[in-house]
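K.L.:
Submitted below is the structure of interest, expressed as structure tokens.
Only the coordinates and a few stated rules stand behind these numbers; no lab work does. Computed from a prediction, not measured in an experiment: that's the story for all the values here. Reconstructed Cβ throughout: ideal geometry from the backbone, glycine too, with neighbour counts over all protein chains shown.
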Amino acid sequence: MTGLGAVFRPQLPPERLRSLARLADDTGLEELWLWEDCFLEGGISTAAAALAWTERLRVGVGLLPVPLRNVAVTAMETAALHRMFPGRAAIGVGHGGQNWMGQVGARAESPLTLLREHLAALRALLSGERVTTHGRYVHLDDVALDWPPPAPAPVLAGATGPRTLRLSGEAADGTILTMATSPEGVRRARRLIDEGRRSAARTAEPHRVVVHLLAATGPGAESRLRAELTAEGLAEVPGLGAAGDAPTVAKAVRDLADAGADAVILQPTADEPDPEGFVRFTAREVRPLVT
């Protein structure tokens, strides 16, 4: 079955998270995804709160910008979530917005090298290994977690460009694709991810592809969707987003799943007038139409 979830966008104030997370849990929504966007809300802090307020909901962070984070801190926080809430956390890492990274003095000269080094060290630490590495960006000297996850803790990577998609297949356990990814874009991404998996001899291992789908329903749905795509410079890209009733949105979800998505996360527009209604719509109306 295709995984289905929704995004809690950080344009909402953090005090709204509790009610929306509980609603998602109560309505049977499978996944709620959070963002660590500058300078809105922290990913780990909000994920920990959402997990604590719920019983069964899977909470994802897509994504933690690696230029902002020492890999040891990322590993400690990720391990803590997996120990406190087994099987319910999904953590993604990635380049982050380069303009934002520049604003805080953290922009890397080679984002790809940084992500490669961060992924290798993070996955090793979460596996309970003792790590010494001195790369271009990541430096660890005899570091091991005292409390590693008791079970495997998959690490996802956010990726858009070909080199990062190949790297994700090579060095991550899954890939997060943005709402700028059409079904054909998912197919291309899968091919590039699989190239990376083959190069690292990891084709026997699972690799979860999570795709965000910009979605709108209710009054003014089409105009809100078009306005956001236009603002993002994506108005002329075919196959993006879905606006309308549950069958319309469910078809868009199925199209992404047929193209290779393992999970589709519905992303409301930034001006979504009824975030609670969007969660109910996802769980109660779209989910029954997606298998």
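K.L.:
For segment 99-239, what does the alpha-carbon gyration tensor say about shape, rounded, prolate or oblate, given a ≥ b ≥ c as the root eigenvalues, a/c under 1.5 as rounded, and a/b over b/c as prolate?
P.N.:
Prolate, since a/c reaches 1.5 and a/b exceeds b/c.
K.L.:
Ok, one more. Quick one: if the Förster radius is 22 Å, what FRET efficiency do residue 70 and residue 49 give, using the C-beta to C-beta distance and rounding to 0.05?
P.N.:
Here the calculated transfer efficiency is 0.50.
K.L.:
Another one. So, in Å, what gap is there between the alpha-carbon centers of segment 182-239 and segment 244-291?
P.N.:
Distance between centres, Cα-based: 14 Å.
K.L.:
Would you look at the GNM of the chain, springs on alpha carbons closer than 10 Å, and say which of 175, 46, 133 moves the most?
P.N.:
For the chain, modelled as a Gaussian network with Cα springs under 10 Å, the answer is 133.
K.L.:
Compute the helix-to-body angle for 111-126: its Cα long axis versus the longest principal axis of the chain, expressed 0 to 90° and rounded to tens.
P.N.:
Helix 111-126 and the main axis of the chain meet at about 80 degrees.
K.L.:
Where does the charge balance sit around residue 12 when Lys and Arg score +1, Asp and Glu -1, over other residues with C-beta under 13 Å from its C-beta? Could you put the intermediate results ahead of the total?
P.N.:
On the way: positive: 9, 16, 18; negative: 15, 37, 41, 271, 272, 274, 276.
Computed value for this residue: -4.
K.L.:
Please work out the FRET efficiency for the pair residue 19 and residue 146, using the Cβ-Cβ distance as r and a Förster radius of 30 Å; give the result to the nearest 0.05.
P.N.:
Between residue 19 and residue 146 the formula returns 0.25.
K.L.:
Taking the 0 to 90 degree range and rounding to the nearest ten, how far is the long axis of helix 221-231 tilted relative to the main principal axis of the chain, both from C-alpha atoms?
P.N.:
40
K.L.:
In segment 1-34, which trypsin sites (Lys or Arg not before Pro) fall in coil by DSSP and have 13 or fewer other Cβ atoms within 10 Å?
P.N.:
Here no trypsin sites (Lys or Arg not before Pro) fit, given the DSSP loop and packing criteria.
K.L.:
Further question: Given contacts defined as C-alpha pairs under 8 Å and at least six residues apart, what's the relative contact order of segment 8-209, whole-number percent?
P.N.:
Contact order relative to length: 15 percent.
K.L.:
Label segment 55-139 by shape, choosing from rounded, prolate and oblate, from the square roots a ≥ b ≥ c of the eigenvalues of the Cα gyration tensor; if a/c is under 1.5 it is rounded, and otherwise prolate applies when a/b is larger than b/c, oblate when it is not. Before the final figure, lay out the partial values.
P.N.:
Values: a/c = 2.71, a/b = 1.38, b/c = 1.96.
Verdict is oblate for segment 55-139.
K.L.:
Compute the angle between helix 183-199 and the longest alpha-carbon principal axis of the chain, please, reported from 0 to 90 degrees and rounded to the nearest 10.
P.N.:
On a 0 to 90 degree scale, this one is about 20.
K.L.:
Still on this structure: Under the classification rounded if a/c is under 1.5, otherwise prolate if a/b is larger than b/c and oblate if not, where does segment 8-209 fall, given a ≥ b ≥ c as square roots of the Cα gyration tensor eigenvalues?
P.N.:
It comes out rounded by the Cα gyration axes.
K.L.:
Quick one: if you stick a label point 7 Å off each Cα along the C-beta vector at residue 236 and residue 195, how many nm between them?
P.N.:
About 2.6 nm separates the two model spin labels.
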